[in-house]
Amino acid sequence: MHPVKQRGVQLVLALCLVVTCIATRAAEPLEASVKAAYLAKFAFYVDWPPAAFSGPAAPVVLCIVADDAFGSLVEEAATGQVVQGRAIAVKRLKAIARDSGCHIAYVGPEARLDAVKGSPVLLVTDAQGGNGMINFVLRDNRVRFTVDDDLAAQFGLNISSKLLNVALAVKPRGAK
């Protein structure tokens, strides 16, 4: 190949690489923004047992556990949100435990369910194959989610049919 043509091809390939990197980096903040918005909205579609709250005005506590790719996005999404008279409060933790005070917990793929087993905590994750009640998945470059309603029932939670109807897939209660 002629040296000028070779440099032209190299330039085009380099530009394609730069454009791909820019597009990928732009998609990451968008993905985080969408997940943050979902996390703040999930509270509207879940019923917790009354004993899950310390009082009638206690907030719904949304915990971000382990790696935090959200920055201030979760706080921005939760600001001003009121669920059945309860504000949404955001809390960041290194690990989750039964006494963490979380109502919704965004957890990493390594999170252990036995740490909160029997507690009314809605576990949300990105884990491939998902170990939470709600698992984020990317389909057609869109953030979607699956729901394990059977697991939610084991933790004393009721997920609204409105949320179940928009899920990509649902594991129903009583499913084996």
Legend entry - Test for Tyr38: is it hydroxyl-bearing (Ser, Thr, Tyr), surrounded by 13 or more Cβ atoms within 10 Å (Cβ to Cβ) and out of contact with any helix residue (DSSP H, G or I) (no Cβ under 8 Å at 6 or more places or on another chain): yes
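Matching residues to (1) modelled with pLDDT of 95 or more; (2) not in a helix (DSSP H, G or I):
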position: Met1; (1), (2): no, yes
position: Arg7; (1), (2): no, no
position: Val18; (1), (2): no, no
position: Ile22; (1), (2): no, no
position: Tyr38; (1), (2): yes, no
position: Pro56; (1), (2): no, yes
position: Asp68; (1), (2): no, yes
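Does Leu138 count as open to solvent by 40 Å² or more (accessible area, probe 1.4 Å), among the aliphatic types (A, V, I, L, M) and at pLDDT below 90? I'd like the intermediate steps shown before the answer.
Working: open to solvent by 40 Å² or more (accessible area, probe 1.4 Å): yes; among the aliphatic types (A, V, I, L, M): yes; at pLDDT below 90: no.
No: the conditions fail for Leu138.
The values are calculated or read from the model by the stated rules, or taken from the named source; none is laboratory data. Note that the coordinates shown come from a computational prediction; the quantities given were computed from them, not determined experimentally. FYI the Cβ positions are ideal-geometry reconstructions off the backbone, even for glycines, and counts take in every protein chain you see. Ligands, DNA and RNA are stripped out before the accessible areas are found, and what is left, the full protein with its side chains, is counted by its heavy atoms. Shrake-Rupley method; radii C 1.70, N 1.55, O 1.52, S 1.80 Å.
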